[in-house]
Amino acid sequence: MKPVITRFAPSPTGTLHIGGLRTALFNYVYSKQNNGKFLIRIEDTDRERSTKEFEKNILDNLSSIGLAPDEDPINQSERNEIYVKAAEKIIESGKAYWCDCSPEDLELMRKEQTEAGKKPMYDGRSRNLGLPKTDKTVLRLATPESGEIVVKDLIRGEIKFNNNELDDLILLRSDGTPTYHLCNVVDDFEQKITTVIRGEDHISNTPRQIHIQNALDYPELEYAHLPLVLGTDKKRLSKRNAATSLEEYREKGYLDSAIINALARLGWSQGNNEVFYLTDLIKEFNIKDVQKAGAIFDISKLDWLNSQHLANLTLNQFKKNLEPFLNKINIDMESHSNVDSLIEAMRTSSDTLSGIAQSLIPYYQDINEYDEKAIDKFISDKNLLMQLRDLIDGINDWNLDSIESSLTNFQAENKLSTPAVNQPIRIALTGSTKSPGLGLTLTFFSKKTVLERMDKLLDKKS
Ligand code: GLU
């Protein structure tokens, strides 16, 4: 059996986005589970929209998320000669011809076809004219006029296209430059690709590309067209309905492994097993089980997966991942005297690392903002807040046991509910009603700081 070689062929006209990353992931996984190779080809023939910055962004992001290619990427912009040679081979075989139709001719042709209720397409009028090459002629493929092309798709089964619905596509423009389809086909052959895994939006290109392969006597390829990635509004995922670039998700504090997990779920599932890693995917993934219907990218699913992946980290791994998010908001994680217990207690405070870093702010810095609604709800009685301040002031051994027993006794003596006692203190300490168990929360501050924060809230109330 031939080794499986897949490729990801991005056009560097933007940063790496979620849909592209899912395509790269499935290509990577399919090659690895077949002991094959995963290659990258930069389709940068559109000189105006392609940039080196976008190319770098795509390649760096792929490598850093664990989808590095097995060979150096190739750039189509550097391979013109190869495509022109291939075009010459097609000319020699008699399967291509020069066409001198002007844009105006083509426009008129389309207009007449549309008016006659026909599908507008090039009608092959130059096909048998034997025109010579000039600086005004394009090279067109002589597509078979009858019969059909069958695309054998690993996900969708056989997809049939009638040849008479495919027009004679352009291989070389009048300036001699090759078109997208020609480059794509030639490179798949040159890179010895066996399997093309790409988005469903390319399905209509496939029969055209197969005709070019046939004209060049290239071997057949295996295809898999992946379902489109949709937003929760069921429209194609775009900046309108979600963040689309990988970087944005990383910056928000999603772990790479959770992003990979969420992307794999875009079109593929493994029974009830929701949480898995790239290595599991390589073992378990079956391309034939990929769904045909559009796959919805739901941020709440990513949130949940991220919380699961965060929970699976050891404390040290967790701290390492969290540190840059704290640094970004000028917090030196290790400056806290009880850092390990603090981080352990706070690691489930949000689904994302940036959210967790935010909830850690009160443990490192003074607070200036309070949840006003919480104040209205829990601190209507300033006297109680003063009593609680005195209670804290009276705790001599500043440790979990004695703090907790003082709080419990106070609560029992005054016949108060737990929130009535705990929430005012929490608000004073963190500005909000959210924190780990109150006794534990208090141990993350010195008694002095607790008193200062309670005084600050008392001042605010007066
Ligand atoms: N360059 C194409 C794109 O970015 C991919 C073509 C292919 O995978 O064959 O959509």
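The values are calculated or read from the model by the stated rules, or taken from the named source; none is laboratory data. Note that this is a predicted model, so its numbers are computed, not measured. Here the Cβ positions follow ideal geometry from the backbone for every residue, glycine too, while neighbour counts run over all protein chains shown. SASA here: full protein model, heavy atoms, side chains in, ligands and nucleic acids out. Shrake-Rupley method; radii C 1.70, N 1.55, O 1.52, S 1.80 Å.
Counting pairs of alpha carbon atoms under 8 Å apart in space and at least six apart in sequence, what relative contact order in percent does the chain give?
Details: 653 pairs, mean separation 55.4, N = 462.
Taking the mean separation of contacting Cα pairs over the length of the chain, I get 12 percent.
Which of GLN358, ALA345, SER269 sits closest to the plus end of the dipole of the chain, meaning its Cα is farthest towards the positive end, when Lys and Arg get +1 and Asp and Glu get -1 on the C-beta?
Checking the options against the dipole of the chain, the answer is SER269.
May I ask what percent, to the nearest 5, of DSSP beta bridges between residues of the chain are antiparallel? Please list the in-between numbers first.
On the way: 16 of 31 bridges.
If we restrict to bridges inside the chain, about 50 percent are antiparallel.
Size of the dipole of segment 411-462 about the Cα centre, Lys and Arg at +1 and Asp and Glu at -1 on the beta carbon, nothing else charged, in debye to 20? All intermediate terms of the calculation are to be shown ahead of the outcome.
Values: 9 positive and 4 negative charges, 22 e Å.
Dipole of segment 411-462, to the nearest 20 debye: 100 debye.
With a 1.4 Å probe and all protein chains left in place, how much of the accessible area of the chain comes from carbon and sulfur atoms, in whole percent? Don't jump to the answer; show the numbers that get you there.
Details: 10880 of 22900 Å².
Percent of accessible area from carbon and sulfur atoms in the chain: 48.
Can you give the extra length, in nm with one decimal, that the chain gains between ARG236 and ASN327 once fully stretched, where that is 0.36 nm per residue apart less the Cα-Cα distance? Let's see the in-between values first.
Details: separation 91, 0.36 × 91 = 32.76 nm, distance 3.56 nm.
Working it through step by step, the gained length comes to 29.2 nm.
How large is Rg/Rh for the chain, to two decimals, with Cα atoms and a Kirkwood Rh?
On the way: Rg = 31.5 Å, Rh = 26.8 Å.
Looking at the chain, the ratio lands at 1.18.
Residues of segment 309-324 with the amide nitrogen closer than 15 Å to a label point 7 Å from the Cα of SER349, along Cα-to-Cβ, please.
319, 322-324
Taking loop as defined by DSSP and a crowding limit of 15 other beta carbons within 10 Å, which GluC sites (Glu not before Pro) in segment 288-373 fit? Can you show the working numbers first?
On the way: sites: GLU334, GLU344, GLU369, GLU372; in loops: GLU369.
Answer by residue number: GLU369.
To the nearest 500 deg cm²/dmol, what mean residue ellipticity at 222 nm is calculated for the chain from DSSP H runs of n ≥ 4 alone, each contributing -39,500 (n - 2.57), summed and divided by the residues? Write down the numbers at each step before the final one.
Values: 19 runs with 214 residues, N = 462.
Helix contribution divided over all residues of the chain: -14000 deg cm²/dmol.
What does the charge dipole of segment 199-291 about its Cα centre add up to, to the nearest 20 debye, if the Cβ of each Lys and Arg holds +1 and the Cβ of each Asp and Glu holds -1? Intermediate values should be presented prior to the final figure.
Details: 11 positive and 14 negative charges, 89 e Å.
I would put it at about 420 debye.
Extending each Cα 7 Å along its Cβ direction at LYS434 and LYS160, get the distance between those two points in nm, one decimal.
5.7
Per residue of segment 245-252, in order, report the coupling 6.51 cos²θ - 1.76 cosθ + 1.60 (Karplus, θ = phi - 60°) as ³J(HN,Hα) in whole Hz, putting x for Gly and Pro.
Computed from phi, the couplings for segment 245-252 are 9, 4, 4, 4, 6, 5, 5, 7 Hz.
Using square roots of five times the C-alpha gyration tensor eigenvalues, list the equivalent-ellipsoid semi-axes of segment 325-398 in whole Å, biggest first.
Values: eigenvalues 149, 65, 25 Å².
Calculated on Cα positions only, the semi-axes equal 27, 18, 11 Å.
Using a 1.4 angstrom probe, figure out how much accessible area the chain has per residue, in square angstrom, rounded to the nearest whole. Kindly include the intermediate steps, with their values, before the conclusion.
On the way: 22900 Å² over 462 residues.
Dividing the accessible area of the chain by its residue count gives 50 Å².
Which residue, chosen from ALA242, PRO178, PRO132, occupies the Cα position most advanced towards the positive end of the dipole of segment 112-242, where the dipole is computed from +1 (Lys, Arg) and -1 (Asp, Glu) charges on Cβ about the Cα centre?
Comparing the listed Cα positions along the dipole, ALA242 ranks first.
Would you work out which of VAL229, SER102, PRO324 lies farthest towards the positive end of the dipole of the chain, given +1 charges on the beta-carbon of Lys and Arg and -1 on that of Asp and Glu, about the Cα centre?
In the chain, that residue is VAL229.
Taking the Cα centre of the chain as origin, work out the dipole magnitude from +1 charges on Lys and Arg Cβ and -1 charges on Asp and Glu Cβ, in debye rounded to 20. Kindly include the intermediate steps, with their values, before the conclusion.
Details: 59 positive and 70 negative charges, 128 e Å.
Using only the charged Cβ atoms, the result is roughly 620 debye.
Given R₀ = 56 Å, FRET efficiency for ASN80-SER359 by Cβ-Cβ distance, to 0.05? The partial results should precede the final answer.
Numbers: r = 55 Å, r/R0 = 0.98.
Once the sixth-power term is evaluated, E becomes 0.55.
What are the trypsin sites (Lys or Arg not before Pro) within segment 203-236 that DSSP puts in a loop, where the Cβ has at most 15 other Cβ atoms within 10 Å?
On the way: sites: ARG208, LYS234, LYS235, ARG236; in loops: LYS234, LYS235.
In loop regions of segment 203-236 (DSSP not H, G, I, E or B), the sparsely surrounded trypsin sites (Lys or Arg not before Pro) are LYS234, LYS235.
Taking 0.36 nm per residue of sequence separation and subtracting the Cα-Cα distance, how much length would be gained by fully extending the chain between ASP376 and ASN338, in nm to one decimal? Working shown, then result.
Working: separation 38, 0.36 × 38 = 13.68 nm, distance 3.18 nm.
The ASP376-ASN338 span can extend by a further 10.5 nm.
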